[in-house]
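The values are calculated or read from the model by the stated rules, or taken from the named source; none is laboratory data. Keep in mind it's a predicted model, so treat the numbers as computed, not measured. Reconstructed Cβ throughout: ideal geometry from the backbone, glycine too, with neighbour counts over all protein chains shown. Remember, those area values only see protein heavy atoms, side chains included, never the ligands or the DNA or RNA. Shrake-Rupley method; radii C 1.70, N 1.55, O 1.52, S 1.80 Å.
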Amino acid sequence: MARDLDDTGFLGGVQRFARTSGAVGGIAARLAGHKLGIGGNRAGHAEDLKAALGNLKGPLMKAAQLLSTIPGALPEEYANELAHLQANAPPMGWNFVRRRMRAELGANWERHFRSFSHDAVAAASLGQVHRARLVDGREVACKLQYPDMQGAVDTDLKQFKAALSVFRQIDGTIQQDEVYAELSDRLREELDYRREASHLRLYRDMLKDVPEVTVPSTVPELCTGRLLSMEWVSGRSMRSMLEGDMSQESRDALARALFKGWYTPVYRYGVIHGDPHMGNFTVRDDDGLNLLDFGAIRIFSPRFVEGVVQLFKALQTNDDDLAFHAYAKWGFQNISRDTAQVLNEWARFFYRPLMTDRVCSMQESNDPADAKAVLGRVYEGLKRTGGVKLPREFVLLDRSAIGLGSAFLKLGARLNWHEMFQELIEGFSVEALEVRQRDALLRAEVPAPL
């Protein structure tokens, strides 16, 4: 039965290749045309690409969305459209669900449940979620992986690599070889739902002393490589909260929960959740946070986290030497002092909310219009100084910062971001982080990264 679901064979692979290569080929041709001063309406082309990728279940959509967050990787029109892609492909029907559950839990899979929803309650790029009740009365969420996602990942990554190659020929200022390597490994990890179950255990451990954040427990006997069963946690979407009459107090409380939920693991354990879009969490009745999706998790070396903290301190004290050495710990290789000076302008903007020691909104310290001007100057500066090769470690840290910044802007939260950050890094020690990280990974039985 598993073969029927997950071996679509040569024809299925060819069909997907044709669809993805059409989307990628179209954007590559249009980008080349615009570089030469020819071509039509770029905004219209960007909308076409968004529509084409939005109809695909699978990783190419995720790759495009990630690319849209990297400064200078795409023209503004493309980046703006792709940044709004969400994993909202239509769900698979009940026949698929029954076949998947039978393949994962056996012919008598229904004996585990009192009830199991025929319709998905959520659909994402790699799988869909069903609500169910176990025989002991517990409510659970069952995430089922779509058929042949391994083949889809392989096909889509080939297209993504081809797209990056075209972009580099057109403009090599931002070299993205490591971006591809990072995305390739993280996407392949996302296919393993046993790994994701270990990430839930890890986050429950890391956030056990953060009451503002709830991480659901898993149901181990109902977890396989392509089925993840976890405790059902109730909450409302942030989008519905924003559409209602949300008080400033609630907005601030939710922003504080988001900040702690994302950055406590980073600075205490060297672990980041790389996908903070609104579909991956819900809001509790007390304005706390339910974290729901743990596929895009990245484990950093303690040395990298030390570099992030050092860069913050270097900018605080205008210590160019400390900043230069911090970039090396970030993974930037063989950069010149001139390139480091350009990166400092980006970093000052990146860290500005954390360096503003007063209660303020994100827009006051990190205005989107200002961001556009800063990134434009940084891009031109990198072009002038010979370009830069983005390190792998940059990718998900940057994506998380942009995603969280967007959430904070939507919330209109007013907090002392500096004070919250100082609490996290107070007494920072790379040796202590190394011990905490090692012990937490062992307790949660997290497999080694790819």
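Per-structure values
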quantity	calculated
Residues of the stretch 165-191 classified as touching a residue at least 60 places away in the same chain (Cβ under 8 Å) and assigned to a helix (DSSP H, G or I), total	15
Residue under evaluation Asp245, criteria (1) touching a His at 6+ places or on another chain (Cβ under 9 Å); (2) free of Cβ contacts under 8 Å to residues at least 60 places away in the same chain, criterion not met	(1)
Some residue of the stretch 184-192 being within 30 Å of Thr339 (Cα to Cα) and either open to solvent by 50 Å² or more (accessible area, probe 1.4 Å) or of a type in the set (D, E, K, R) (or both)	yes
Test set (1) within 13 Å of Gly387 (Cβ to Cβ); (2) open to solvent by less than 20 Å² (accessible area, probe 1.4 Å); (3) charged (D, E, K, R) - Arg168 fails condition number	(2)
Pair list, Cβ under 6 Å, 6 or more apart: the stretch 357-381 residue more than 19 Å from Ser406 (Cα to Cα) and among the aliphatic types (A, V, I, L, M), other residue open to solvent by 30 Å² or more (accessible area, probe 1.4 Å) and outside any loop (DSSP other than H, G, I, E, B)	Val378/Glu345
All positions within the stretch 391-406 that are modelled with pLDDT under 90 and over 18 Å from Tyr267 (Cβ atoms)	Val395, Ile402, Ser406
Output for the stretch 204-216, where each listed residue is buried (at least 20 other Cβ atoms within 10 Å of the Cβ) and either on the phi > 0 side of the Ramachandran plot or of a type in the set (A, V, I, L, M, F, W, C) (or both)	Met206, Leu207, Val213, Val215
Top-ranked residue in the stretch 89-130 [being in contact (Cβ under 8 Å) with a residue 24 or more places away in the chain and among the acidic types (Asp, Glu); ranked as most open to solvent (accessible area, probe 1.4 Å)]	Asp119
Answer residue from the stretch 265-284, given it is modelled with pLDDT of 95 or more and out of contact with any strand residue (DSSP E or B) (no Cβ under 8 Å at 6 or more places or on another chain) and is most open to solvent (accessible area, probe 1.4 Å) among those	Arg268
Scan of the stretch 316-334 for residues that are out of contact with any Ser or Thr (no Cβ under 9 Å at 6 or more places or on another chain) and open to solvent by less than 10 Å² (accessible area, probe 1.4 Å), ordered by number	Ala323, Ala326, Trp330
Test: Leu433 is within 22 Å of Lys313 (Cα to Cα) and in contact with a helix residue (DSSP H, G or I) (Cβ under 7 Å, 6 or more places away or on another chain)	yes
Matching entry among Arg201, Arg195 (being closer than 30 Å to Val283 by Cβ, touching a helix residue (DSSP H, G or I) at 6+ places or on another chain (Cβ under 9 Å), open to solvent by 30 Å² or more (accessible area, probe 1.4 Å) and in contact (Cβ under 8 Å) with a residue 24 or more places away in the chain)	Arg201
Condition broken by Asp252, with the remaining ones in (1) in contact with a strand residue (DSSP E or B) (Cβ under 7 Å, 6 or more places away or on another chain); (2) within 29 Å of Glu189 (Cα to Cα); (3) surrounded by fewer than 20 Cβ atoms within 10 Å (Cβ to Cβ) satisfied	(2)
Any pair with Cβ under 7 angstrom, 6 or more apart, that starts in the stretch 275-290 at a residue that is on the phi > 0 side of the Ramachandran plot and ends at one that is open to solvent by 20 Å² or more (accessible area, probe 1.4 Å) and of a type outside the set (S, T, N, Q)	Asp287/Ala253
Residue in the stretch 218-241 that is farther than 20 Å from Leu126 by Cβ, surrounded by 18 or more Cβ atoms within 10 Å (Cβ to Cβ), at pLDDT 95 or above and among the hydroxyl-bearing types (Ser, Thr, Tyr) present	no
Residues satisfying the stated conditions in the stretch 99-155, i.e. of a type in the set (D, E, K, R) and in a loop (DSSP other than H, G, I, E, B)	Asp119, Asp136, Arg138, Asp148
